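**Student:** My structure is below; once you've seen it, I'll send some questions.
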Amino acid sequence: MSKIALVIGYGSIGKKHAKILKSLKEVDDVVVLTSQKKKIPYRKINSLHQIKRLNPFYITIASSTDKHYKQLNFLEKNFSKKKILVEKPLFQKMFNLNIKKNEIYIGYNLRFNPLIIFLKKFLKKINIIFVSVYCGYHLPYWRKNIPYSKSYSA
């Protein structure tokens, strides 16, 4: 049985996830769910319902934030024991979503940073009360194709 990784959304972050997944020896095939019409270097599907036939072992949700709830809800209803990474932010507003059958991870910038991983291990030995880490970026540089003040990032 081939190990299929699925990327939902093929914007700039979806492209990065697909490229990284393709380079992993544990992944046999990368499939992208996108409504884009242009040709992409991966097998492409255009409907959530087509995912059922794929039965991916790993899923990345890199679509626009307003679609995350619907997509996660669909995956929770139709799959179990899947590892699902959702790009930040998780939702654009509060939702009550009870995840019991799958493992959900949220992709925050610093989660896998080598320095943060080192600090986490190092600080376990010390009684720390509070840690604050700041990673800043000038928001107008994030989304060049739309006014930054109108984006969900703002």
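**Student:** So Lys52 ticks every box in (1) open to solvent by 100 Å² or more (accessible area, probe 1.4 Å); (2) within 15 Å of Leu75 (Cα to Cα); (3) in contact with a strand residue (DSSP E or B) (Cβ under 9 Å, 6 or more places away or on another chain) but one. Which box is left unticked?
**Tutor:** The one condition Lys52 does not meet is (3).
**Student:** I'm told Ser80 meets every condition in (1) touching a Lys or Arg at 6+ places or on another chain (Cβ under 7 Å); (2) not in a loop (DSSP other than H, G, I, E, B); (3) not β-branched (Val, Ile, Thr) except one. Can you identify the failing condition by its number?
**Tutor:** The one condition Ser80 does not meet is (2).
**Student:** Does the stretch 55-68 hold any residues that are in a helix (DSSP H, G or I) and buried (at least 17 other Cβ atoms within 10 Å of the Cβ), and which are they? Outline the logic, then answer.
**Tutor:** Looking only at the stretch 55-68, we keep the residues that are in a helix (DSSP H, G or I), and these are 65-68.
Within the stretch 55-68, Thr65, His68 qualify.
**Student:** Determine, yes or no, whether Tyr152 is at pLDDT below 70, within 18 Å of Gly11 (Cα to Cα) and surrounded by 10 or more Cβ atoms within 10 Å (Cβ to Cβ).
**Tutor:** Working: at pLDDT below 70: yes; within 18 Å of Gly11 (Cα to Cα): yes; surrounded by 10 or more Cβ atoms within 10 Å (Cβ to Cβ): yes.
Yes; evaluated as a whole, the condition is true for this residue.
**Student:** Kindly indicate the residue of the stretch 103-145 that is assigned to a helix (DSSP H, G or I) and of a type outside the set (A, V, I, L, M, F, W, C) and also modelled with the lowest pLDDT among those meeting that condition.
**Tutor:** Narrowing the stretch 103-145 to residues assigned to a helix (DSSP H, G or I): 114-123, 139-141.
Remaining after also requiring of a type outside the set (A, V, I, L, M, F, W, C): 114, 120-121, 140-141.
Numbers: Pro114: 86, Lys120: 82, Lys121: 87, Pro140: 77, Tyr141: 74.
Within the stretch 103-145, the match that is modelled with the lowest pLDDT is Tyr141.
**Student:** Starting from residues that are open to solvent by 50 Å² or more (accessible area, probe 1.4 Å) and among the small types (Gly, Ala, Ser), keep the ones in the stretch 17-49 and report whichever is modelled with the highest pLDDT. Steps first, answer last, please.
**Tutor:** Start the filter on the stretch 17-49 by keeping residues that are open to solvent by 50 Å² or more (accessible area, probe 1.4 Å), which leaves 19-20, 22-26, 28, 35-39, 41, 43-44, 46, 49.
Subsequent filtering for residues that are among the small types (Gly, Ala, Ser) retains 23, 35.
Values: Ser23: 95, Ser35: 91.
Looking at the filtered set, the residue picked out is Ser23.
**Student:** Can you pull out every residue in the stretch 69-101 that is among the β-branched types (Val, Ile, Thr) and surrounded by 15 or more Cβ atoms within 10 Å (Cβ to Cβ)?
**Tutor:** The initial filter retains those residues of the stretch 69-101 that are among the β-branched types (Val, Ile, Thr), namely 84, 86, 99.
Hits for the stretch 69-101 are Ile84, Val86.
The values are calculated or read from the model by the stated rules, or taken from the named source; none is laboratory data. Everything numeric here is computed off the predicted structure, so don't read it as measured data. Heads up, the Cβs are rebuilt from the backbone with ideal geometry, glycines too, and the neighbour counts pull from every protein chain shown. Please note that ligands, DNA and RNA were not included when accessible areas were found on the heavy atoms of the full protein model with its side chains. Shrake-Rupley method; radii C 1.70, N 1.55, O 1.52, S 1.80 Å.
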